[in-house]
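Reviewing the structure listed below.
The values are calculated or read from the model by the stated rules, or taken from the named source; none is laboratory data. Since this is a predicted model, take the numbers as computed values, not measurements. All Cβ positions, even for glycine, are placed from backbone atoms using ideal geometry, and neighbour counts span all protein chains on display.
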Amino acid sequence: MIPRNHDHVCAIIWRDNALELLDQRLLPGEIRYQRLTTAVEVATAIRCMVVRGAPAIGITAAYGVVLAARNSYAKTQEHWQISMQEDLDQLAASRPTAVNLFWALRRMKRVIANTSGNPLERLLIEARAIHEEDIAANQCMGLLGAELLGERGAVLTHCNAGSLATGGYGTALGVIRAGYAAGLIERVYADETRPWLQGARLTAWELVQDRIPVTLLADGAAASLMRQGMIRWVIVGADRIAANGDAANKIGTYGLAVTARYHGVKLMVVAPASTVDLAVPNGTGIPIEQRAADELLNFNGYPVAPTGADGWNPSFDVTPAELIDAFVTERGVILKPDAAKIADMMGIENPAC
Ligand code: MRU
C-alpha cells in the first residue's frame, strides 16, 4: 500500500464488482458515492462531471472497460470483444481534451486484444495497475516538484489537480502536499475557478481536509495578489501536453501564466507522462472542449445573467511552453520545456523515484 502523506481523499473505488465514484458535483456540501455497474453509466458520469480531472478520467474509463467487458462476456462468450465496441466508443466520446482518457483506453484495448476466455480478471488487474501507477507517479512528482520550490512562501493553484482529479495525492496538489510537509509552503491561494468552482468546492475542500492553510480568491484577483508579491509559484496540472510543451489546462491557466511572467512569478506544470501527447506537435492541435453556455449563465439552477445574453464557455485553454518555467513528470523535471527536452524525457522508461 502506498503511503498517502497529507491525503485523506479517495474519489475512485472498485468495490464488490462495481465502480464507486465520489460525486464531485455535490462537494463540499455532501459526500455521496455513485455505484456504477455499466460502461454507459461510467461515460455519463465522466461527461456530467461526477468525476473530473485528467488522470481521474483515465482511471475511471479503465474501470468502465472492465464493466463493459463483464457485461459483454455475460451476453456472448464468443464475440464479447465485438459486442463491447459500442461501450468503448461511448467512453471515448465522454470528454475530448484530457488525453489520459485515450491513453487508458489504449492500454485496456491492448489487454482485450490479447485475451481469450473470461477477460474480467486480466482487465481488472490492468485497471488497478493504471490506478496504482498514477498514485505512485503523483507521490514521485510531489517530491520532484517540492525540490524546485526554494525559499518558504505561498503558492497559487487553479482548478483542482488534487486527489479528486487523480488516483490519489494529486499532481499540482501533490507538489503542494509534499512542499507543505517539507515546510516550504506556508499557504495555498486557490482560484475559485469559474464556472464549475473546482477551486472553491474541491481544492479548498481537499486542503481543509488535510489541514493545509488555504485562502480562496476570485479568479480576477490573482493579478493583484502577484503584484503585491504574495506568491512565489503558480502550480497547476494539465489535461494534455503537446510535443513542444504547450499545455492545455482549465480555462484561466493561460491568463495566469501571462500574469505570472509579467510579475516574475514562476509557473510549474505538474502532470504524469500519460498526459503528454506526442502526436500533437503544438497546442493548436489540442481539441478544446466547449461546454454549454448554460453553465455560465446559471448557477445551481439560478440565472446569473439576463435572458437573451449569450455565453462562451471553453473548458480549457493552452499555455504556450515559453511561459512554463518547470514541467514536472514522474520521469523527471524539465526546466523551460521544448520539443527536444520532451522527446528525451518520453524516451525514459522508468519513474525518477
Ligand atoms: O473540467 P475539469 O474539472 O475536468 O478540469 C480539470 C483540470 O483542468 C485539471 O487542472 C487537470 O485535469 C489536471 S488534474 C490533475
- Provide a single number: the residues in the stretch 110-129 that are in a helix (DSSP H, G or I) and touching a residue at least 40 places away in the same chain (Cβ under 8 Å). 7
- With the first residue restricted to the stretch 303-318 and required to be β-branched (Val, Ile, Thr), and the second required to be away from the ligand (no atom under 16 Å from the Cβ) and at pLDDT 95 or above, Cβ contacts under 7 Å at 6 or more apart or on different chains are VAL304/LEU297; VAL304/ASN298
- Query: Does any residue of the stretch 304-315 turn out to be within 22 Å of the chain's Cα centre (by Cα) and away from the ligand (no atom under 16 Å from the Cβ)?
  - Reply: no
- Note on the structure: Condition set crowded, with 17+ Cβ neighbours inside 10 Å and away from the ligand (no atom under 12 Å from the Cβ), scope the stretch 287-303, selection nearest to the chain's Cα centre (by Cα): answer is LEU296
- Message: Would you confirm, using the coordinates I've provided, whether ALA321 is closer than 21 Å to ARG52 by Cβ, among the aliphatic types (A, V, I, L, M) and either assigned by TED's automatic domain parsing to the domain that holds ALA178 or buried (at least 19 other Cβ atoms within 10 Å of the Cβ) (or both)?
- Response: no
- If you take the residues in the stretch 239-286 that are within 22 Å of SER94 (Cα to Cα) and among the polar types (S, T, N, Q), which one is farthest from the ligand (Cβ to nearest atom)? THR284
- Task: Identify the single condition in (1) within 16 Å of the ligand (Cβ to nearest atom); (2) acidic (Asp, Glu); (3) free of Cβ contacts under 8 Å to residues at least 24 places away in the same chain that ASP23 does not satisfy, given that it satisfies every other one.
- Result: (3)
- Item | Top-ranked residue in the stretch 39-75 [being within 21 Å of the chain's Cα centre (by Cα) and among the polar types (S, T, N, Q); ranked as farthest from the ligand (Cβ to nearest atom)] | THR44
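For VAL155, are the conditions met, namely being assigned to a helix (DSSP H, G or I) and among the β-branched types (Val, Ile, Thr)?
Against the criterion (assigned to a helix (DSSP H, G or I) and among the β-branched types (Val, Ile, Thr)), VAL155 does not qualify.
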- Tell me, which residue of the stretch 147-201 that is within 9 Å of the ligand (Cβ to nearest atom), on the phi > 0 side of the Ramachandran plot and within 12 Å of the chain's Cα centre (by Cα) is surrounded by the most Cβ atoms within 10 Å (Cβ to Cβ)? GLY170
- Output the residue which, of all residues in the stretch 108-121 that are under 20 Å from GLY167 (Cβ atoms) and surrounded by 16 or more Cβ atoms within 10 Å (Cβ to Cβ), is farthest from the ligand (Cβ to nearest atom). VAL111
- Kindly check whether there is at least one residue in the stretch 1-16 that is assigned to a helix (DSSP H, G or I) and aromatic (Phe, Trp, Tyr). no
- Does PHE327 satisfy the criteria of being within 12 Å of the ligand (Cβ to nearest atom), in contact (Cβ under 8 Å) with a residue 60 or more places away in the chain, of a type in the set (A, V, I, L, M, F, W, C) and within 26 Å of TYR169 (Cα to Cα)? no
- Query: For the stretch 122-143, what are the residues that are crowded, with 22+ Cβ neighbours inside 10 Å and more than 18 Å from the chain's Cα centre (by Cα)?
  - Reply: LEU123
